[in-house]
Amino acid sequence: MQPTIHLAFVDDWELSGDGSGDARELQFAPMRKLVEIYNAHGIRGSFNAEVLQQLAFRQFQNEHPELKALADDWDNAVRETFRAGHDVQLHLHPQWSSVDYAGGKWKLNGDWSILNYSAEEARSMIARGKEYLENLLRPIDPGYASISFRSGSWCIAPSPFMLNLLAEFGIVFDMSIVGGVSYQTRRINLDYSNCEEDFLPYYPVMADARRVSDKPEPIVCIPTNHFYGSRRTTFQHHVRKAAAKVKSRVASEAAARPAGRTSAAYGHEWAQSDSDSTLRRVLNKGVAPYIKGRHLISDLAQLDYALMCEMLQSIRRRARASGLTDVPVILENHTKDIVDFTDIDRFIADVAKASDIKCVTLTELARELRRGRFAIKTRPASTHE
Ligand SMILES: [Zn+2]
């Protein structure tokens, strides 16, 4: 029997990790374009709005009226999207928790991982983020609540306090775990290479979301999907990307201006310093993932249409293998990294027509989780070491 896949199109909506970039270009315009695509295909998406950035803009808006204008536009973009039926949920990048603004540029002083803060500091960030979103959206829907969480740079485990804090704030599920991801960089240190569950919803060990608890817990983890691309498609994809990167780099250098954010810098920006050579960037970005076994996060901004189709095959295969009738799956996207919407548009058109796929928002997923629609894994007591 073909299970029903409850598919959430989720987008982390934010400026670049170092605070650079123009919100109009990296956030407002691509959000509207994506919403247009969702609307055209009759589906609803979800945006994980990074709120600490917005709070920093508000903090400096009196001395810098240009920040007030952008912060107001941010509010308007979020409200407009929400009013059209799409979801907006909580995303936090703690590097924004301590900032300076000078000469039109942000300097982010905060540590990049929420795991490196005290429980009190983390509590305050969650509280302020949730309060901001709820104040913004409850005038449109009095029932609105932040019910899901994705941590900036995926930092959720291990932590003695994060899952408990989220549960305390009424967060129904966390989606920060991505099986197979591992970063040891200047800014981020995390290792999800041995997660006990990387596809289905589960009750986590409260101090370590990588592990499955042997009993129900106050919060659920739904991993963000990942998959393994075929050798051929992954290789072709990376070659095209590397070539485009060199080309745009050369073009921008020829134009004697600093290189813009021409394509995905994701993951990479956590490690890279300004002195990185083009070649090293290309090698890291284009070739390393290929050698690392074609592991790919299901991040639509990073995939072409052929890989999106392979991603969907992998999701269907794993959903069938689970033996369950209903399986929730969470995708990723980054509006700031989308270079071309054509492949995303084409993929969404396919999904919207598929009889075994139901597109859902994060709020709908939380509701169905609470109603017991989805099996939530626990570790059988007998296998507990
Ligand atoms: Zn983010």
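The values are calculated or read from the model by the stated rules, or taken from the named source; none is laboratory data. Nothing here was measured: the structure is a model prediction, and the numbers come from that model. As a convention, Cβ positions derive from the backbone with ideal geometry for all residues, glycine included, and neighbour counts pool all protein chains shown. We work out accessible area using only protein heavy atoms, side chains counted, and drop any ligands, DNA or RNA first. Shrake-Rupley method; radii C 1.70, N 1.55, O 1.52, S 1.80 Å.
So here's what we get for this one:
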| quantity | calculated |
| --- | --- |
| Long-range amide H partners of Leu7 with built H, under 5 Å | Val329, Lys358, Cys359, Val360 |
| Accessible-area composition of the stretch 65-105, carbon plus sulfur, in percent [1.4 Å probe] | 49 percent |
| Cβ crowding within 10 Å averaged over residues, with 199-207, 35-43 ranked highest first | 199-207, 35-43 |
| Label-point gap, in nm, between Arg32 and Tyr101 - each point 7 angstrom along Cα→Cβ | 2.2 nm |
| Choice from Asp12, Asp198, Asp356 showing the highest fluctuation, given a GNM over the chain with Cα pairs closer than 10 Å | Asp356 |
| Residues Gln2 and Asp22, FRET efficiency given R0 of 45 Å [Cβ-Cβ distance, rounded to 0.05] | 0.55 |
| Reachable aspartates and glutamates, given that their alpha-carbon falls under 13 Å from the alpha-carbon of Lys105 and they are not under 8 places away in the same chain | Asp18, Asp22, Glu66 |
| Gyration tensor (alpha-carbon) shape descriptor, the stretch 98-197, a/c threshold 1.5 | oblate |
| For the stretch 234-248, 3J(HN,Hα) per residue [Karplus equation, 6.51 cos²θ - 1.76 cosθ + 1.60, θ = phi - 60°, Hz, x = Gly/Pro] | 5, 5, 4, 4, 5, 5, 4, 5, 5, 5, 5, 5, 4, 4, 6 |
| Stretchable slack from Asn109 to Arg317, in nm (0.36 nm times residue separation minus alpha-carbon distance) | 70.5 nm |
| Relative contact order %, the chain, counting alpha carbon pairs below 8 Å whose residues are six or more apart | 24 percent |
| For Asp208, residues with placed amide H under 5 Å, excluding near neighbours | Ser159 |
| The stretch 127-197 and the stretch 300-314: distance between their alpha carbon centers, rounded to Å | 25 Å |
| Probe 1.4 Å, all protein chains present, accessible-area order of Trp74, Trp106, largest first | Trp106, Trp74 |
| With DNA, RNA and ligands ignored, accessible area of Arg123 (1.4 Å probe; Å², nearest 10) | 70 Å² |
| Theoretical FRET efficiency, 1/(1+(r/R0)^6), r = Cβ-Cβ of Asp214 and Ser124, R0 41 Å, to 0.05 | 0.80 |
| Approximate spin-label separation Gln59-Ala354, in nm, with each point projected 7 Å along Cα-to-Cβ | 4.2 nm |
| Three principal axis lengths of the chain [C-alpha, angstrom, descending] | 62, 48, 44 |
| Cα gyration tensor, the stretch 66-142 - rounded (a/c under 1.5), prolate or oblate | oblate |
| Ranked by how many other beta carbons lie within 10 Å on average, peptides 366-379, 163-176 from highest | 163-176, 366-379 |
| 1.4 Å probe accessible area per residue over the chain, in Å² | 42 Å² |
| Beta bridges by DSSP in the chain, antiparallel share as percent, to the nearest 5 | 30 percent |
| Over 19 Å between alpha carbons, listed pairs Lys33/Lys107; Lys33/Lys336; Lys33/Lys241; Lys107/Lys245 | Lys33/Lys107; Lys33/Lys241; Lys107/Lys245 |
| Tyr192, Tyr101, reordered so the largest accessible area comes first (probe 1.4 Å) | Tyr101, Tyr192 |
| Net charge dipole size for the chain [Lys, Arg +1 and Asp, Glu -1 on Cβ; Debye, nearest 20] | 1100 debye |
